[in-house]
Amino acid sequence: MNVAQLQSSIKEYAASIGIDKIGFTTAAPFLELKNRLRRQQELGYQSGFEESDVEKRTEPLLLLDRAESIISIAVAYPSKMTDAPRGKKGERRGIFARASWGIDYHHVLREKLQLLETFISEKLPNAQMRSMVDTGELVDRAVAVRAGIGWSGKNCSVITPEFGSYVYLGEMITNIPFAPDVPMEDQCGDCTLCLDACPTGALIQGGQLNAQRCIAFLTQTKKPVPEEFRAKIGNRVYGCDTCQTVCPKNKGKYNLHQPAFQPEPELAKPLLLPMLSLSNREFKETYGHMSGSWRGKNPIQRNAILALAHFKDETAVPTLADLLVKDPRPVIRGTAAWALGQIGTSEGMEAVEMAMQNEEDPDVRIEMEKVLETN
């Protein structure tokens with residue numbers, strides 16, 4: 001079987017295992033990206049979750065000897081939830097971003113890439129391959145753009161004509177010299193809806209993101225959320241979809257065809273108060289199969305407290321008051337104090353005043369002092 005026939009059979013096989021789009025590109029260095037990543041590092045705009053070595057992120061040959069090509073795959077995820085539960089007074093709900101609905105996409109895409117590797121090995125036993133999804137060294141989006149999967153939107157997402165930007169990406173470096181696909185034309189035009197709608201101004205300009213201001217990043221950190229962003233997080237317990245939901249290219253793109261990513265409504269839009277009492281084990285049992293659980297329960301519980309403050313939920317006051325004195329985590333106690341200040345009941349203020357008498361953590365005391373000064 002020659003390379004062209006193999007490439008054609010890979011495309012057919014990919015479709016049969018639920019890969020929505022597949023593209024091919026060379027293993028040449030990503031030179032323009034290298035300069036951009038260095039600039040991002042200089043500006044302090046990176047999240048810290050990514051591979052820090054810019055060379056590894058942009059030089060496929062450092063990751064696989066004799067690399068010739070990269071195969072890029074995209075799998076669509078749903079943008080719409082049917083039967084979404086509605087929150088109401090006393091039963092407020094948070095929301096996980098769409099990219100965390102259903103089964104953790106890292107597992108799903110890795111499985112599909114593994115099937116592709118096996119398929120290629122059977123056709124070409126000497127083939128060398130190295131696959132990665134999201135947590136690998138290469139920048140998934142840059143590979144996908146060069147492989148013709150979609151174009152790079154101003155919201156820093158890869159936008160496909162078929163599925164909008166609601167796609168998960170993965171890639172495989174290989175020593176097989178596949179014919180490269182042609183990159184797509186940028187179709188954002190002069191639209192700036194995503195830039196205008198970003199709640200924190202994290203999108204500095206089209207295609208440039210300051211991750212330190214991005215709500216999707218902030219919801220995954222383990223430290224206290226900086227005060228300027230707390231009210232902007234709203235009821236998001238993980239991630240943020242604003243720059244995708246306002247995008248005209250996503251209009252009508254519901255992508256309901258992948259069974260693995262169908263949201264479980266009670267988990268995708270969970271009740272907030274019950275989340276605050278979950279043990280580590282209960283959290284893993286309930287949310288462990290979702291990609292939004294990767295940082296553990298602490299950030300999610302902190303975000304749930306911010307969401308209760310967003311709703312000014314007075315029914316949460318006894319629970320938050322309890323956390324103030326009983327929770328061993330300073331981040332949770334400090335966030336609970338701030339939330340009680342936002343809700344603003346006299347019971348909440350009394351709880352903060354009482355808890356402060358025994359609080360020893362200096363950062364938590366500062367949060368409590370601010371609350372008592374402003375209420």
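Looking at the range 266-363, the trypsin sites (Lys or Arg not before Pro) that sit in a DSSP loop and have at most 14 other Cβ atoms within 10 Å of their own Cβ are Arg295, Lys312. Stokes-Einstein, applied to the Kirkwood radius of the range 56-162 over Cα pairs at a viscosity of 0.692 mPa s and 37 °C, places its translational diffusion at 197 µm² s⁻¹. The ellipsoid equivalent to the alpha-carbon distribution of the range 87-138 has semi-axes of 39, 11, 5 angstrom, derived from the gyration tensor eigenvalues as √(5λ) and listed largest first.
Straight-line reach from Lys370: taking Cα to Cα under 21 Å and skipping same-chain neighbours fewer than 8 places apart, the lysines in range are Lys223, Lys232, Lys312, Lys326. Working note: Karplus 6.51/-1.76/1.60 with θ = phi - 60° gives the range 72-89 the couplings 10, 10, 9, 10, 6, 10, x, 9, 10, 10, 7, 6, 5, x, 9, x, 8, 3 Hz, where Gly and Pro are set to x.
Stokes-Einstein D for the range 10-99 at 25 °C, 0.890 mPa s, Kirkwood Rh over Cα pairs, in µm²/s? Answer from the Stokes-Einstein relation: 141 µm²/s. By the count of other C-beta atoms within 10 Å, a proxy for reagent exposure, Trp294, Trp338 are ordered fewest to most as Trp294, Trp338. In this structure the amide hydrogen of Ala27, modeled in the peptide plane, comes within under 5 Å of the amide hydrogens of Ser69, Ile70, none closer than 5 places in sequence on its chain. Roughly what percent of Cα-Cα pairs across the range 251-375 reach past 19 Å? Value for the range 251-375: 51 percent of Cα pairs lie more than 19 Å apart.
Taking other C-beta atoms within 10 angstrom as a stand-in for reagent exposure, Phe30, Phe163, Phe283, Phe49 fall in the order Phe49, Phe283, Phe30, Phe163, fewest first. Take the Kirkwood radius over Cα pairs of the range 315-375, plug it into Stokes-Einstein at 4 °C and 1.567 mPa s, and you get 120 µm²/s for translational diffusion. Each residue of the range 201-211 was assigned a 3J(HN,Hα) from its phi angle through the Karplus curve 6.51 cos²θ - 1.76 cosθ + 1.60 (θ = phi - 60°); the sequence is x, 6, 7, 5, 7, x, x, 10, 10, 8, 4 Hz, with glycine and proline shown as x. For Arg295 and Glu282, calculate 0.36 nm times their separation in residues minus their Cα-Cα distance, and state this gained length in nm to one decimal. Stretched fully, the Arg295-Glu282 segment lengthens by 3.2 nm. Couplings 3J(HN,Hα) for the range 11-20, derived from phi with the Karplus relation 6.51 cos²θ - 1.76 cosθ + 1.60 (θ = phi - 60°), are 4, 5, 5, 4, 4, 6, 9, x, 7, 7 Hz, where x marks Gly and Pro.
Mind pulling up the Rg/Rh value for the range 166-257? Radius of gyration and Kirkwood radius, both on Cα. My calculation puts Rg/Rh at 1.05.
Each semi-axis of the equivalent ellipsoid for the range 217-257 is √(5λ) with λ an eigenvalue of the Cα gyration tensor; in descending order they amount to 27, 12, 7 Å.
Each peptide in 65-75, 101-111, 250-260 was scored by the mean count of other Cβ atoms within 10 Å over its residues; highest first, the order is 65-75, 101-111, 250-260.
Scaled against the 2.2 N^0.38 Å expected of a compact globular protein of N residues, the Cα radius of gyration of the chain reads 1.09.
Grouping the Cα pair distances of the range 107-237 into 10 Å bins from zero gives a pair-distance distribution of 11, 31, 32, 18, 7, 1 percent in increasing distance order. Working note: 222 nm ellipticity from helices only, DSSP H runs with n ≥ 4, each -39,500 (n - 2.57), summed and divided by the residues of the chain, gives -11500 deg cm²/dmol to the nearest 500. Put a dot 7 Å past the Cα of Arg39, heading toward its Cβ, do the same for Gln357, and the two dots end up 5.8 nm apart.
Laboratory data are not the source of any read-out in this text; all were calculated from the coordinates shown. The structure presented is a predicted model; accordingly, all values stated were derived computationally and were not measured. All Cβ positions, glycine included, derive from the backbone under ideal geometry; neighbour counts span all protein chains shown.
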